[in-house]
1. Can you tell which of 280, 258, 275 is under 20 Å from residue 57 (Cβ atoms) and either assigned by TED's automatic domain parsing to the domain that holds residue 396 or touching a residue at least 24 places away in the same chain (Cβ under 8 Å) (or both)?
2. Kindly provide the set of residues from the stretch 290-300 that are surrounded by fewer than 18 Cβ atoms within 10 Å (Cβ to Cβ) and touching a helix residue (DSSP H, G or I) at 6+ places or on another chain (Cβ under 8 Å), ordered by number.
3. Does at least one position in the stretch 237-246 carry a residue that is touching a residue at least 12 places away in the same chain (Cβ under 8 Å), assigned to a strand (DSSP E or B) and outside the structural domain of residue 354 (by TED's automatic domain parsing)?
4. For the stretch 153-169, how many residues meet the condition of being in contact with a strand residue (DSSP E or B) (Cβ under 8 Å, 6 or more places away or on another chain) and either touching a residue at least 60 places away in the same chain (Cβ under 8 Å) or over 20 Å from residue 112 (Cα atoms) (or both)?
5. Output the residues belonging to the stretch 240-259 that are out of contact with any helix residue (DSSP H, G or I) (no Cβ under 9 Å at 6 or more places or on another chain) and exposed (fewer than 15 other Cβ atoms within 10 Å of the Cβ).
6. Only one of these conditions is not met by residue 389: (1) modelled with pLDDT of 95 or more; (2) within 26 Å of the chain's Cα centre (by Cα); (3) farther than 30 Å from residue 163 by Cβ. Which number is it?
7. Suppose we filter the stretch 45-74 for residues that are crowded, with 19+ Cβ neighbours inside 10 Å, in contact with a strand residue (DSSP E or B) (Cβ under 7 Å, 6 or more places away or on another chain) and assigned to a loop (DSSP other than H, G, I, E, B); how many remain?
8. Which ones in the stretch 247-272 are in a helix (DSSP H, G or I) and touching a strand residue (DSSP E or B) at 6+ places or on another chain (Cβ under 8 Å)?
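The values are calculated or read from the model by the stated rules, or taken from the named source; none is laboratory data. Quantities reported herein were computed from a predicted structural model and do not represent experimental measurements. Note that each Cβ is placed from the backbone with ideal geometry, even for glycine, and that neighbours are counted across all protein chains shown.
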């Protein structure tokens, strides 16, 4: 069966119900009545599986979480209010002041500033590396390193990591690996490749139509025998493993992050996200095929394109072997100068100028003047942000229409 095709059945069957309301029910309530005092006690200690309070769980959101966990082969998931909420939940559930993080990839501007500015204010240090700096990554590990964070595809530098090799480094050193898989849901399975947590901005291609802000973190099961989370590096996990066993990363995330930071998912957004999930297996192969068609045609016309499906890309071989199901919706165009980039964007009749990605529509944005406008020259250079760089997110339009529009826009 086609890689994407199997999820067409799984998703529509999981989202819909056979009895009662077929479409998921939106539980639009912030709080829940417990009925009696004994039940209330059981809900709070976890022995009674009923809703406690929507900040830490909502029935509509719980259904989304079960489908996201199924998608990635996780033991469970926690949905959040945004993609940055999911990253914050996953990271803050594992670190304390004095800890160290290794961050690898593009990176998305919000992620980079979270690590470099926000966490540093709380005494958590982050070192940043390119995806191919494996020896430097190994040498940077210290006794305080708690997390290796990785983007499945660099956003926006479109560099592809060897996820399995990086996972081996993390696992050999007993360090948690978190993979931001926002750009490649279904295409890449981080937990199968050795990650401990996969995080998503479900706002992007999972929802697919700019209607619902959301995020999600999917967690692997704790192993019955040896497990990195049973080591002295993560002593706080002991009580969660004792109480929840293989599910321990879920209560750890909820009690060490969600409960106190409150990056909780909204029931209405969770509902809209599930509607997006139903068609994700149909949209992903369409985008993967379209993007290869578009970048090949534009490259042949002399447009400065960056995408690993092109033989000139340094990770072209990796794209063919490790990313056989594509690497998401993104490619970049470098027009050389900001003036030419603006001219391209303003001449395009098809692209929507916005900071979002993964939409049903083709989106575009000049990077240096927007998301990365307050970054230093050194930071921009490391992240691959040039004066003329435009990030493109390919939508569901006819690829020939995209090609024609972009060629006329670049003239």
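1. 258
2. Passing the criteria: only 293.
3. No; the residues of the stretch 237-246 include none that is touching a residue at least 12 places away in the same chain (Cβ under 8 Å), assigned to a strand (DSSP E or B) and outside the structural domain of residue 354 (by TED's automatic domain parsing).
4. Residues in the stretch 153-169 being in contact with a strand residue (DSSP E or B) (Cβ under 8 Å, 6 or more places away or on another chain) and either touching a residue at least 60 places away in the same chain (Cβ under 8 Å) or over 20 Å from residue 112 (Cα atoms) (or both): 9 in total.
5. Selection gives 242, 245.
6. In the conditions (1) modelled with pLDDT of 95 or more; (2) within 26 Å of the chain's Cα centre (by Cα); (3) farther than 30 Å from residue 163 by Cβ, residue 389 misses (3) alone.
7. Of the residues in that region, 2 qualify.
8. Matches in the stretch 247-272: 247, 249, 250, 253, 254, 258, 270.
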